[in-house]
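The values are calculated or read from the model by the stated rules, or taken from the named source; none is laboratory data. Since the structure is predicted, the reported quantities are computational estimates derived from the model, not experimental observations. Note: ideal-geometry Cβ built from the backbone for every residue, glycine included; neighbour counts use all protein chains shown. Please note that ligands, DNA and RNA were not included when accessible areas were found on the heavy atoms of the full protein model with its side chains. Shrake-Rupley method; radii C 1.70, N 1.55, O 1.52, S 1.80 Å.
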Amino acid sequence: MKLRTKHLGEIEIQKDDIYTFSNGLPAFEQETEFALLPFSQDELFYILQSTKTEEVAFVLTNPFHFFHDYEVRLTDALKSQLDIMKKEEVAIFSVLTLQEPFRKTTANLQAPIILNVTKKQGKQFVMSDSGYETKHYLFPQEPATIPEKKGEG
């Protein structure tokens, strides 16, 4: 089927590319079907594109590529809702907030996107007590430099 996308123009997708988010996403509750599309050849970045609204698209990444000690503990309720039976069915992504320059881009580690890749179901999982925030820099940031004071004379 043809899909008009925000970042990739019109593309052809397969039914297998579509994930159902039964409750939508926070602030996008009416958007319940999304296609997961590669956004870079190195498969570091993806687009989660609404199949209903062209302008609704999120840039995602696998957070474990950037945050090696990142932990997501799926609740039994979430596993049940997404019909997750084994860990091989799970894919975890973080929503990015793209910045200019790109090195200032941040990842939402507090609310990852959880996908059951077998059953094609997804949900944004808010981990409010995790200590993670909605904006973690993807790349190390250079410390701000403080200009030296010049002597008065």
Computed over region 9-59: relative contact order in percent, which uses C-alpha pairs under 8 Å that are six or more apart: 24
If R₀ is 22 angstrom, what is the calculated FRET efficiency for the pair Gln41 and Glu12, using the beta carbon separation as r and rounding to 0.05? 0.75
Length-normalised contact order of region 38-153 in % [C-alpha pairs under 8 Å, at least 6 apart]: 19
Label-point gap, in nm, between Glu100 and Lys86 - each point 7 angstrom along Cα→Cβ: 4.7
Would you compute, from DSSP H runs of 4+ residues alone, the mean residue ellipticity of the chain at 222 nm, taking -39500 (n - 2.57) per run and dividing by the full residue count, rounded to the nearest 500? -1000 deg cm²/dmol
Gap separating the Cα centres of region 66-131 and region 33-51, nearest whole Å: 14
In terms of Cα to Cα distance under 26 Å, which lysines are near enough to Lys119, apart from those fewer than 8 places away along the same chain? Lys2, Lys6, Lys15, Lys52, Lys79, Lys86, Lys87
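Give me the percent relative contact order of region 1-104, please, defined on Cα pairs under 8 angstrom at least 6 residues apart.
Values: 136 pairs, mean separation 18.7, N = 104.
That works out to 18 percent.
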Portion, in percent, of the accessible area of region 1-79 that falls on carbon or sulfur, probe 1.4 Å: 48
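How much accessible area per residue does the chain have, in Å², with a 1.4 Å probe? Don't skip to the answer; put the middle values down first.
Values: 9800 Å² over 153 residues.
Value for the chain: 64 Å² per residue.
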Between Met127 and Glu29, what length in nm is gained on full extension when 0.36 nm per residue of separation is reduced by their alpha carbon distance? 33.4 nm
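Is the shape of region 42-127 best called rounded, prolate or oblate, per the rule: a/c under 1.5 gives rounded, else a/b larger than b/c gives prolate, else oblate, with a ≥ b ≥ c the square roots of the Cα gyration tensor eigenvalues? Walk me through the intermediate numbers first.
Values: a/c = 2.02, a/b = 1.37, b/c = 1.48.
Oblate, since a/c reaches 1.5 and b/c is not below a/b.
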For Phe67 and Val117 in the same chain, what is the full-extension length gain: residue separation times 0.36 nm, less their Cα-Cα distance, in nm? 15.8 nm
